[in-house]
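*Asks:* Mind having a look at this structure? Questions to follow.
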C-alpha cells in the first residue's frame, strides 16, 4: 500500500506531474521574457494537457493500434518509476538497491525508446528521419553520462542513491571539486539532449521535419508524452542535484533544494535560448568528442582527488 | 541505399507560402531535389491588363507583402521609361527613403526567420523587435506599416513634412546601436558559425551561370545590384557601396544582408537630409503607345517589370519577373549532397518569395504535365508578338527597324 502511494501520489505521479508542469511553465515564461514576449499564465501547461486529453486520437493506418497507444503510457510509467525511486531514496536512504542510480538513468531513456517505436511504426517519412536522429542522439549522450555516473559511484564507493547522498552529506558536495564542476557541466548538456531541447531538438526539429518523430501523435497519446517530458524535466534536474549537489535534506535543506533546482532550470533555459539547433553529425561529434573527453578528464581528476 | 522522398511542403512550418520541395534522400543526405511551383498563382499580370495605369501600382504592391515597394518602384520606372519622362528630385529622394526602409525591414524579417529555422528563437524575436522601429517609421512617414501606396507613375503620392523628416532621422539613428549589437552577436556566435559556414556553397561561376540575383549572388562575390548598374535616379548622387562576400555559403548571405542594413540606414539618412523643397509629381497626362522596362533591386534581388501600351488608359501587356524565379534553380547546385537539416536552411537562405514567382504549368486533361523548353517559349513569344502587331494594326515603333 505504501509503495502504491509512493508511486501514485508522493513522490510519484501526482507530485512529479505538478512540479514538472510548473517547471515547464517556468521554462516557457522565462524563455518568453528573454525573447521580449509576454509568456503564458502559470496554468498554461495544465490547460494544454487538459486540451490534449479532449482531442481525438488519430492512429495512422500502418501503425500497430495497441502499440501506438501503449508505448507513450509505458514511457510515462517509466519516468514516474524513476522519479519515485529518486524520491524514496531521499525519504529513506536505506531503501535503495545496489545499482539503482544506473536503473534510474535508463528508466529515463524509456520515453525516448517508446517514441522511437511510435515514430518507426507510423510510416511517415519525416518521422522516420526523426527516429534515426533520436537513436543516434540516444547513443551519443549516453556514453559521457554513464562515465560520469560510474565516476561518482566509484568516488563515493557505492552504486546506490543512499550512499551517494550520504557521502556528500559527510564530505561536502561533489560540485565543490573541479571534477564535480566539469561533471556537472557535462551532465547539464546530456540532460538537455535527453529532454530533446534546443540545441539538441533534432528529432522534433519543427522547421526541418515539422515535429518529426512526434508528427503522427495526437490527443491523449501526445498528452502522455508531454506529461512524461514534464516529469522527466523535474526528475532529471533532481537526479543532477543528487548526483553532484548533495541531494536534498529536511528543514531548511528543502529551501536550498528548491534554489538549486531553479538554478539548474535557469541553466537549461539559457542553454536553450542562446543556441541554434545542431546538426546530428555535429551533436554526435560534440558528445563523443568534447563531452566524453571531459567526462574521462573528470574521472581522472576524481581519481587524483582534485 | 534506399531512397526515400521527404516532402518539404506544400504546407510546412518552414515555408510561409505553399511550395513543394521533394527531397530524394539516402539516410539524411539529399541526393536530388525537385521544386513544384504553382500553388498560389493569382493571375496578376492578366489582372493588370484590366486596370488603369494609376491603379496598377496598388495591384503590384500586393504581389508580395514584403517587397511591397519594389514592385511599384519597378512598375513606375517601366512606365516612366515608356514615357521618357524625368521625375522631380524630391520625389526621387522620397522613393529612395521608402525603398530603403523596406529593404531593412525585409532583411530583418529574413534574419528573424533564419534564426527560427535553425531553432534559435531568441534571434527571431530580437530581430523582429528591432524591425518594429522600421515599421513605426514607415507608419509615421506613409501612414501604413506595410503596403505604403506611395508610388505612382511620375512621382509619389504623398509628401513628407518637416516633422516627419525629423522623426525619421531620429528613429533611424536609434536603430544603429541595437542593430550593431545584434550583428556582432550573430557574426561572432561560434555555434552559428558551425551551422552556417560552408553550408550550401554557391560558387562565383554557378552564381553567374544560374543568374542568381540580389544577396544570393552578392554573397558569391558577384557585384550585381540594379540600383548601381542602372544607375537609378536618386541613388546615383548618394554615397553608398555594394556589399559583397566571397564564400557563397549561408553565412555569407547572412553577412551581406546584415551589412546592407547599415548601407540602407546611411542611404535613408542622406535622403532625408538632402531633401529640398519642390514638386513631387511630374503630372503624367496620358501614356502613348510604346513599351518600357523597369529594373529595381528588391531586397531579394532584381525585379523587372515590362509594360506595353497601345495608347489606351491601361497596359496592353504587363510582364513581371521576380528575383526568386532566378534564385530557385540555384538549389540544384547548393542543396544536392547536403543533409536535410542544411537543405531546410539553404532553401530559406535565398529569402524565397514564392507567390512572386508563381508560373502556370501546362497540364493536359489526362493530368500529364508538359515542360516548356526554351524553343517552345521563344516560339510562343514570337506568336504573341505577331498577334499583338496584328491587333494593333501597325508595327510598334521599337520593332519597326528590325522587321
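Every number in this text was worked out from the coordinates using simple rules, so none of it is lab data. Computed from a prediction, not measured in an experiment: that's the story for all the values here. As a convention, Cβ positions derive from the backbone with ideal geometry for all residues, glycine included, and neighbour counts pool all protein chains shown.
*Asks:* Which of the peptides B:190-199, A:146-155 is most tightly packed, and how do the rest follow, going by the mean number of other Cβ atoms within 10 Å of each residue?
*Replies:* Packing order, densest peptide first, comes out as A:146-155, B:190-199.
*Asks:* Calculate the length of the line joining the C-alpha centroid of region B:27-103 to that of region A:4-56, in whole Å.
*Replies:* Cα centroid to Cα centroid, the span is 47 Å.
*Asks:* A further question follows. Averaged across orientations, what area in nm² does the convex hull of the alpha carbons in region A:21-171 project?
*Replies:* 12.4
*Asks:* Given a 10 angstrom Cα cut-off, can you work out which residue in B:390, B:241, B:51 is the most mobile in a GNM of chain B?
*Replies:* Between B:390, B:241, B:51, it is B:390 that shows the largest mean-square fluctuation.
*Asks:* Moving on. Could you tell me how far the Cα centroid of region B:106-166 sits from the Cα centroid of region A:263-286, in Å?
*Replies:* Cα centroid of region A:263-286 versus Cα centroid of region B:106-166: 32 Å apart.
*Asks:* Sort B:276, A:292 so that the residue with the fewest other Cβ atoms within 10 Å of its own Cβ comes first and the one with the most comes last.
*Replies:* B:276, A:292
*Asks:* Over what distance in Å are the Cα centres of region A:84-118 and region B:220-277 separated?
*Replies:* Here the two parts' Cα centres lie 59 Å apart.
*Asks:* Also, quick follow-up: Give me the Kirkwood hydrodynamic radius of the protein assembly as shown, using the inverse of the mean 1/r over all pairs of distinct Cα atoms, in Å to one decimal.
*Replies:* 28.7
*Asks:* Taking chain A as the reference, fit the longest principal axis to its C-alpha atoms, fit the long axis of helix A:44-54 to the helix C-alpha atoms, and give the angle between the two in degrees, 0 to 90, nearest 10.
*Replies:* 40
*Asks:* Return the distance in nm (one decimal) between the two label points of a simple spin-label model at residue A:150 and residue B:176, each offset 7 Å from Cα along Cα→Cβ.
*Replies:* That separation, rounded to one decimal, is 5.9 nm.
*Asks:* Averaging over all projection directions, find the projected area of the Cα convex hull of region B:96-141 and quote it in nm² with one decimal place.
*Replies:* The orientation-averaged projected area of the Cα hull of region B:96-141 comes to 2.7 nm².
*Asks:* In whole percent, what relative contact order does region A:2-304 give with Cα contacts below 8 Å and a gap of six or more residues?
*Replies:* It rounds to 28 percent for region A:2-304.
*Asks:* Next question. With each run of n ≥ 4 DSSP H residues scored as -39500 (n - 2.57), what mean residue ellipticity at 222 nm is computed for the protein assembly as shown after dividing by its residue count and rounding to the nearest 500 deg cm²/dmol?
*Replies:* Calculated mean residue ellipticity at 222 nm is -18500 deg cm²/dmol.
*Asks:* Can you pull the semi-axes for region A:1-82, root of five times each eigenvalue of the Cα gyration tensor, sorted largest first, whole Å?
*Replies:* 27, 22, 11
*Asks:* Dividing the alpha-carbon radius of gyration of region B:44-357 by 2.2 N^0.38 Å (N being the number of residues), what value is obtained?
*Replies:* Against the compact-globule rule of thumb, the ratio is 0.98.
*Asks:* In Å, what is the Rg of the alpha-carbon atoms in region A:2-304, and how long is Dmax?
*Replies:* In Å, with Rg to one decimal and Dmax whole: 18.8, 58.
*Asks:* In whole percent, what relative contact order does region A:180-306 give with Cα contacts below 8 Å and a gap of six or more residues?
*Replies:* 38
*Asks:* Residues of A:203-214, mean number of Cβ from any other protein chain within 10 Å of their own Cβ, rounded to a whole number?
*Replies:* 5
*Asks:* Could you rank the peptides A:86-99, B:34-47, A:235-248 by their average count of other C-beta atoms within 10 Å per residue, with the highest value first?
*Replies:* Peptide ranking by packing, descending: A:235-248, A:86-99, B:34-47.
*Asks:* Describe numerically, in nm with one decimal, the distance between label points set 7 Å from Cα along Cα→Cβ at residue B:386 and at residue B:273.
*Replies:* 5.9
*Asks:* Now for a separate question. To check my understanding: the extent here is largest minus smallest coordinate of the Cα atoms along each principal axis. What are those three numbers for region B:256-315, in Å, largest first?
*Replies:* 43, 32, 12
*Asks:* So how do B:61, B:89 line up by other beta-carbon neighbours within 10 Å, fewest first?
*Replies:* Result, fewest neighbours first: B:89, B:61.
*Asks:* Would you work out the relative contact order for chain B, in percent, from Cα pairs under 8 angstrom that are 6 or more residues apart?
*Replies:* That works out to 23 percent.
*Asks:* Something else about it: Comparing B:381, B:48, B:264, which has the greatest mean-square fluctuation in the GNM of chain B with Cα pairs linked when under 10 Å apart?
*Replies:* Among B:381, B:48, B:264, the largest GNM mean-square fluctuation belongs to B:381.
*Asks:* Next up: Give me the percent of Cα-Cα pairs in region B:68-167 that sit more than 15 Å apart, rounded to a whole number.
*Replies:* Tail of P(r) above 15 Å: 64 percent of Cα pairs.
*Asks:* Shielding of B:336-345 by partners, i.e. mean partner chain Cβ atoms within 10 Å per residue?
*Replies:* 4
*Asks:* Among B:128-141, A:117-130, how do they line up from the highest to the lowest mean number of other beta-carbon atoms within 10 Å?
*Replies:* By packing density, highest mean first, the sequence is A:117-130, B:128-141.
*Asks:* List the pair-distance distribution P(r) of region B:194-294, using every Cα-Cα distance, as the percent of pairs falling in each 10 Å bin from 0 up to the bin containing the longest distance, rounded to whole percents.
*Replies:* 14, 33, 27, 18, 8, 1
*Asks:* Calculate how large, on average over all directions, the projected area of the Cα convex hull of region B:11-62 is; give the answer in nm² to one decimal.
*Replies:* Across all orientations, region B:11-62 yields a mean hull projection of 5.0 nm².
*Asks:* Please give the average number of partner chain Cβ atoms lying within 10 Å of the Cβ of each residue in B:185-193, rounded to a whole number.
*Replies:* Partner Cβ neighbours, averaged per residue: 2.
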